[in-house]
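We did not get these values from a lab; they are worked out from the coordinates using the rules stated. Note that the structure is predicted; figures quoted are calculated from it, not measured. Note that each Cβ is placed from the backbone with ideal geometry, even for glycine, and that neighbours are counted across all protein chains shown.
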Amino acid sequence: MSSIIHILQTQGGEIWSALGQHISISLISLFIAAIIAIPLAIVLMTHKRIAEVILQITSILQTIPSLALLGILIPMVGIGTVPAIIALVVYAVMPIFQNTYSGLTTIDPDLDEAAEAFGLSRAKKLVKFQIPLAMPMIISGIRIAMVMIIGTATLAALIGAGGLGTYILLGIETNNNALLLIGAILSAVLTLIFSALIKAISKLSLRKMGILFATLIVLFGGFAGYRSIVKPPVNVTIAGKMGSEPEILINMYKELIEEDHPNMKVSLKPNFGGTTFLYKALQSGSIDIYPEFTGTVLQALVKTNQKVSHNPEKTYQVARKLMKKDANMEYLAPMKYQNGYDLAVTQSFAKKYNLKTISDLKKVEHRLHAGFDPDFYQQNDGFPGVKKAYGLDIASAKTMEPSIRYKAIANGKVNLVDGYTTDPEVKEYNLVVLKDDKNHFPPYQGAPLMTEKFAMAHPEVKKTLDKLAGKISESDMQKMNYLVTVKHEKSSKVARDYLEDKGLLK
């Protein structure tokens, strides 16, 4: 509780901003879904076959995983609120359409006959008794959609749309339950508040509902117009992968750029997702820069038949040339430290089976139950490559987010995890890092990745970011990760403190 109070006191402004973003995304998505679904149900209430087809289509759309849908939308519409709203509308249309259609088609037929006897037109029948009688079902569909939207909107943080999901993701990645609880509790409170508001609105007459919705449209339109006018232009958008380290790095980029170029505005998108997600966003122009590692470039982003060198400088030069040749990307000079993959087990497990190297895992392979980061699980330099290089056939492997896998091994849910050489959790949970005795893992040095187009347009940004080339030792990064992940300090503060200490900021 003390941690929650401290965060509310020190980050109150940011929390209010995230809450506002969450409400805005949710209400806009609900309004658009209702505008699509309710009129469609009214039109199709006398066309049963077409209505059933629409119901099937909307049901199929709901089965698409939200992350997959966001990944599909990014190359088409970029990042931010637009793809988030599109995804939420897709999920919300089905319950509203289904309930509206059911409410309109289950009205007593005798009422229809009576209306026709009185000579009422179809429009008058809708207004006089069909919509009022169907209203409880329509409101129920809207409430279901709202609950779904508020819950799913937390994923908007993954594509730079903000919202309360930012605090949930940060809580998970930095092992900070206070942040996680703030995001989760506020999401639940929002659901309860909006559910009660929708219930209250359902008691209004159709005329008053129309006036209310018209007022909301004017207010939202005016607010959106105001923000578009007063919002300062963003010159550079920098994103980072999940976790504390990428967030520290992108905050360093921001500090350096904004100090060297005061007229430039930098927007950060932390905890943006995995490698493929970020790379697609960079290709599409949705982001301008993100920190990538040399080993990952050669294993996941370019095609090469060359064997990856274990010399860091050679690895970087090959990665830089291939990114330029194959993808028109500019890969700046890397930092000093290496953040390579490793495999770790608990002290007790290592002692029981005398495990010191990755090769030693062969003798206990059928006892191994692993928890792996999604990138490590699928990339050639990760689990697939380890299996091939060491001939391992382990009992089971599950994918989970970075901080969760460390909790899993600490709680005995798994007995093998992947990690990075700068992870503070190795020390925190007293794990044993197994030696890569066959030198499978390539060098991993981090450096800013950007398109050639951006680099040519902003040579001054390249010059600024080159200040980090050859800087930051492995111990420096371990210490910074520890401060964020274990001590729960803000990434922005840790990044700025380092830059000031090393004389990189005035």
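Of note:
- Proximal lysines relative to Lys128, as straight alpha-carbon distance under 25 Å, when same-chain residues fewer than 8 apart are discounted: Lys48, Lys199, Lys203, Lys208
- Share antiparallel - DSSP beta bridges, the chain, percent rounded to 5: 60 percent
- Cβ-derived FRET efficiency at R0 41 Å, Gln306 paired with Ile4, nearest 0.05: 0.20
- Fraction in percent of alpha-carbon pairs per bin - 10 Å, the stretch 16-133: 13, 34, 28, 16, 8, 1
- 3J(HN,Hα) from dihedral phi, the stretch 254-262, Karplus parametrisation 6.51/-1.76/1.60, rounded to Hz, x for glycine, proline: 4, 4, 5, 5, 6, 6, 6, 9, x
- Principal semi-axes of the equivalent ellipsoid, √(5λ) from the alpha carbon gyration tensor of the stretch 2-230, are 37, 19, 16 Å from largest down.
- Global geometry of the stretch 341-434, whether rounded, prolate or oblate, following the gyration tensor of its Cα atoms and the 1.5 cut on a/c: rounded
- Relative contact order of the stretch 268-398, pairs being alpha-carbon contacts under 8 Å that are 6 or more residues apart, as %: 20 percent
- The protection proxy used here, the mean number of other Cβ atoms lying within 10 Å of each residue, ranks peptides 130-138, 142-150 as follows, highest first: 142-150, 130-138.
- Given Lys254/Lys427; Lys435/Lys471; Lys314/Lys506; Lys351/Lys413; Lys254/Lys453; Lys463/Lys506, the pairs whose alpha carbons are separated by over 23 Å: Lys254/Lys427; Lys435/Lys471; Lys314/Lys506
- Neighbours of Phe293 by Cβ distance under 11 Å: Lys/Arg scored +1, Asp/Glu scored -1, total -3.
- Only beta bridges with both residues in the stretch 341-434 are counted; by DSSP, about 55 percent of them are antiparallel.
- Cα-centre dipole for the chain with unit charges at Cβ (Lys and Arg positive, Asp and Glu negative), debye to 20: 300 debye
- Compared with the alpha-carbon gap, the fully stretched path from Lys438 to Ala123 is longer by 105.7 nm at 0.36 nm per residue.
- Extreme residue, positive dipole direction of the stretch 341-434, given options Phe349, Ala397, Thr422 (C-beta unit charges): Phe349
- Over 40 Å [Cα-Cα, the chain], rounded percent: 33 percent
- Peptides 312-324, 205-217 ranked from most to least packed by the mean count of surrounding Cβ atoms within 10 Å: 312-324, 205-217.
- For the stretch 2-230, the relative contact order works out to 25 percent when only alpha carbon pairs closer than 8 Å and six or more residues apart are counted.
- Using 0.36 nm per residue and subtracting the Cα-Cα separation, the extra length available between Asn235 and Ser205 on full extension is 6.0 nm.
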